[in-house]
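Here's the structure we're looking at; comments come further down.
The values are calculated or read from the model by the stated rules, or taken from the named source; none is laboratory data. All figures in this text were calculated on a predicted structure; none of them were measured in a lab. Cβ coordinates were reconstructed from backbone atoms using ideal geometry, including for glycine residues, and neighbour counts include every protein chain displayed. Keep in mind that these areas ignore ligands, DNA and RNA; they rest on the heavy atoms of the full protein, side chains included. Shrake-Rupley method; radii C 1.70, N 1.55, O 1.52, S 1.80 Å.
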2 protein chains.
Amino acid sequence: MTAPDRALWIDGRIARGPEAALSLFDRGARDGEGLFETLRVEGGQPHRWRRHLERLVVSAAELGFPVPPSPSVLAAALEEVLAANRLSDAAARITVTRGIPGGRPTRTGCWIEAEPLAARLWRGTRSGQASAVISRRAFAPGSLARHKTTSRLAYHLAREEARAAGADETLLVDGADLVLEGSTSNLFAVVGGEVVTPPVALGILPGIVRAQVLALCVRLGIPTRERAIPRSELAVADEVFVTNSIQQVVPLVAIDGGAVPSRTLGARLREIYREHESRSA
Amino acid sequence: MTAPDRALWIDGRIARGPEAALSLFDRGARDGEGLFETLRVEGGQPHRWRRHLERLVVSAAELGFPVPPSPSVLAAALEEVLAANRLSDAAARITVTRGIPGGRPTRTGCWIEAEPLAARLWRGTRSGQASAVISRRAFAPGSLARHKTTSRLAYHLAREEARAAGADETLLVDGADLVLEGSTSNLFAVVGGEVVTPPVALGILPGIVRAQVLALCVRLGIPTRERAIPRSELAVADEVFVTNSIQQVVPLVAIDGGAVPSRTLGARLREIYREHESRSA
C-alpha cells in the first residue's frame with residue numbers, strides 16, 4: 001500500500017497528497033471497476049513490461065473497459081513517477097478504471113504509483129524463510145478471478161490473516177478443500193518429482209511468473225502438471241513455493257506452523273528466475 | 001450512477017465536480033474495499049433507515065472496517081445532500097471504506113449521494129411490465145457475496161447484459177444451473193402455490209426487501225420456502241418477481257423473451273409492500 005506522502009501519476013500529471021484523488025463518479029472509485037498490474041522495477045527498468053501490458057489490454061477488452069493509454073504513454077508516466085519519488089528499485093502499480101459514464105467516448109481513469117521495492121518484499125523473501133497460513137475461511141473465487149481486477153476486498157481480508165499471524169502469505173482453499181493460490185501469489189507444490197500447480201479454471205489468477213516458471217521447468221526437463229491440489233496434499237508435498245511479480249519465486253519453509261521438508265528445487269528456480277528470466281519481455 | 005454535476009457529501013461537507021473525489025490512498029478507491037447501502041427516499045424520508053444502517057454496521061464489524069459515522073451524523077448528512085440537490089424523492093447511497101492505512105486510528109472514508117428517484121426506476125417498474133435476461137456467463141459468487149461490498153465489477157458487467165438487451169434486470173445463474181439473484185435484486189418464484197427464494201448460503205445478498213417479503217407472506221398465510229431454484233424451474237413457475245430497496249417488489253412479465261404466465265401474487269405483494277411496509281423501521 002503506497003504511503004500518502006508519495007507522488008503518483010494520474011491522468012497526465014504528477015500529483016501528491018490531496019491531489020492524488022479519483023472522482024467519485026469514476027466507476028473505479030465507486031465499485032471496484034478497475035484493472036491493475038503490479039510490476040517489479042530494478043535499475044529503473046520494469047520487469048516483463050510487455051507481458052503485463054498485454055494482460056491489462058486483453059482484460060480491458062474482454063470486460064468492456066475503455067482502451068487503456070498506449071504503452072508509450074504508460075512507459076513515460078512510469079518514468080515520471082520513478083523520478084518524482086527518486087526511485088530506481090520499486091514496486092510499481094498501473095491501474096485503469098472503467099471511467100466516468102456518460103462521456104462520449106468514456107475515458108478510462110488511469111494512475112501509476114511506485115514505492116521502494118525493499119518496503120514491499122516479504123520478510124520471508126529477504127531471508128529465504130517464507131511462511132504461510134491457510135485461510136480459516138473457505139474461499140469462493142468470483143466470476144472474474146482470472147482477471148486482475150480492483151474488486152479485491154476478499155483477497156485483502158485473506159492477506160490480513162497472514163499479517164495477524166506474523167506470516168508472509170495466506171493460502172486460499174475453496175469449499176471443496178482444494179488449494180487455489182495465495183492472496184497475492186500463485187502456488188506450486190513438488191509432489192513425487194513433479195511440479196504441480198492449480199489450473200486457472202479453478203478460479204485463480206494466471207500469473208506472469210507462474211507461466212514463466214512452468215515454461216522454465218519444461219526447458220529444464222522437470223515434469224509439470226496443472227491439476228487440483230487437495231489441502232491434505234500440502235502436508236505431504238516435498239516442497240511448496242509461491243510466485244508473483246514482486247517477490248518472484250519464494251520457497252515456503254512453513255505452512256500453518258508445520259515445516260515443509262525441502263526447498264531445493266524452489267531455491268534453484270528462484271535463482272534461475274532472478275538471474276535469467278525476470279527481465280525478459 | 002450519479003451524474004458528475006450532482007452534489008454529494010463527503011467526510012463532513014458538500015462537494016461537487018472535481019471536489020467530489022476520494023484519495024487514491026484510501027483502500028476504497030484503490031481496491032473496492034468498501035461497503036454501501038442504497039436507500040429509497042420519499043418525501044425526504046429514507047425508507048427502512050434502521051435496517052440499512054444495521055446491515056452496514058454489522059458488515060463493517062465483521063469485515064474489520066473502521067467504525068462508520070453514527071446514525072445521527074449520517075442522517076444529517078443525507079438531509080444535506082437532499083437539500084443541496086433539491087431532492088425530495090431520491091435514490092440515495094451511503095458508502096463507507098476501509099480508509100487510508102497507517103493512520104491511528106484508521107478513519108473510514110464515507111460519502112453520501114442522491115439522485116432523483118424517477119431516474120433510477122426501471123422502465124418495467126414504472127409500467128408494471130418488467131423483463132429480465134439470464135446472464136450468458138455462469139456466475140460464481142465470491143466469498144463476500146452476502147455483504148454489500150463495493151467490489152462489484154462482476155455484478156455491473158452482468159447488469160449490462162440486461163441493458164444491451166433492452167431488459168430491466170439480469171438474473172445470475174451459477175455453475176450448477178441454480179438461479180441465485182438478480183444483478184441488483186433478489187429473486188422469488190411462485191411454484192405450486194409456494195413462494196420460493198434462494199437461500200443466502202448459495203451466495204446471495206440478504207436483501208432488506210427480501211426479508212420483509214418473506215415475513216409478509218408468513219403474515220398473509222402464504223407458504224414460503226428458501227431453497228435452490230434450478231434454472232429449468234423458472235420456465236414452469238407461475239410467477240417470478242424480484243425485489244430491491246429502490247424498485248421494491250417488481251413482477252416479471254418476461255424472462256429471456258419467454259412470457260411468465262401470471263403476476264397476481266407479485267402485484268399484490270407489491271401493493272401491500274408499497275402501502276404498508278416500505279416506511280417501517
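Quick look at the numbers
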{"read-out": "Crossing angle, helix B:71-84 versus chain B [Cα axis fit, 0-90 degrees, rounded to tens]", "value": "90 degrees"}
{"read-out": "Accessible surface, the stretch B:1-145, averaged per residue in Å² (probe 1.4 Å)", "value": "41 Å²"}
{"read-out": "Most mobile of B:GLU42, B:GLU19, B:GLU161 in a GNM of chain B (Cα contacts under 10 Å)", "value": "B:GLU19"}
{"read-out": "A:GLU271-B:VAL58 FRET efficiency (beta carbon distance; Förster radius 56 Å; 0.05 resolution)", "value": "0.70"}
{"read-out": "A:VAL173 long-range amide H proximity, modeled H, under 5 Å", "value": "A:SER135, A:PHE139, A:LEU180"}
{"read-out": "C-alpha long axis of helix A:208-220 to longest principal axis of chain A, angle in °", "value": "40 degrees"}
{"read-out": "For the stretch A:168-246 versus the stretch B:249-275, the gap between their alpha-carbon centres in whole angstrom", "value": "48 Å"}
{"read-out": "Computed magnitude of the charge dipole of the stretch B:7-117 (debye, nearest 20; Cβ of K, R +1, Cβ of D, E -1)", "value": "200 debye"}
{"read-out": "Shielding by partners, peptide A:31-44 (average Cβ within 10 angstrom, other chains)", "value": "3"}
{"read-out": "Compactness relative to 2.2 N^0.38 Å, alpha carbon Rg of the stretch B:123-280", "value": "0.95"}
{"read-out": "Relative contact order computed over the stretch A:39-188 (Cα-Cα under 8 Å; 6+ residues apart), in percent", "value": "17 percent"}
{"read-out": "In sequence order, calculated HN-Hα J values of the stretch B:129-139 (Karplus, 6.51, -1.76, 1.60; Hz; x Gly/Pro)", "value": "10, 6, 10, 9, 10, 9, 4, 6, 9, 4, 9"}
{"read-out": "Interchain or long-range residues, amide H under 5 Å from A:VAL195's placed H", "value": "A:THR224, A:ARG225"}
{"read-out": "FRET efficiency estimate (nearest 0.05) - Cβ-Cβ, A:ARG123 to B:ALA259, R0 56 angstrom", "value": "0.35"}
{"read-out": "Percent carbon-and-sulfur accessible area, the stretch A:24-107, ignoring ligands, DNA and RNA, probe 1.4 Å", "value": "54 percent"}
{"read-out": "Mean Cβ count within 10 Å, highest first, over the residues of peptides A:149-156, A:224-231", "value": "A:149-156, A:224-231"}
{"read-out": "Sequence-distant residues sharing a close amide H with A:GLY142 (under 5 Å, placed H)", "value": "B:SER143"}
{"read-out": "Computed lengthening from B:ASP5 to B:ALA201, 0.36 nm per intervening residue step minus Cα-Cα distance", "value": "66.6 nm"}
{"read-out": "Karplus-derived HN-Hα couplings along the stretch A:58-69 (A = 6.51, B = -1.76, C = 1.60, θ = phi - 60°), whole Hz, x at Gly and Pro", "value": "5, 4, 4, 5, 5, 9, x, 7, x, 5, x, x"}
{"read-out": "Computed helical MRE - 222 nm, the protein assembly as shown, DSSP H runs ≥ 4 contributing -39500 (n - 2.57), nearest 500", "value": "-8000 deg cm²/dmol"}
{"read-out": "Per-residue HN-Hα couplings for the stretch A:177-186 [Karplus 6.51, -1.76, 1.60; θ = phi - 60°; Hz; x = Gly/Pro]", "value": "6, 9, 7, 9, 5, x, 5, 9, 8, 8"}
{"read-out": "Size of charge dipole - the stretch A:74-194 - debye, nearest 20, with Cβ of Lys, Arg +1 and Asp, Glu -1, no other charges", "value": "460 debye"}
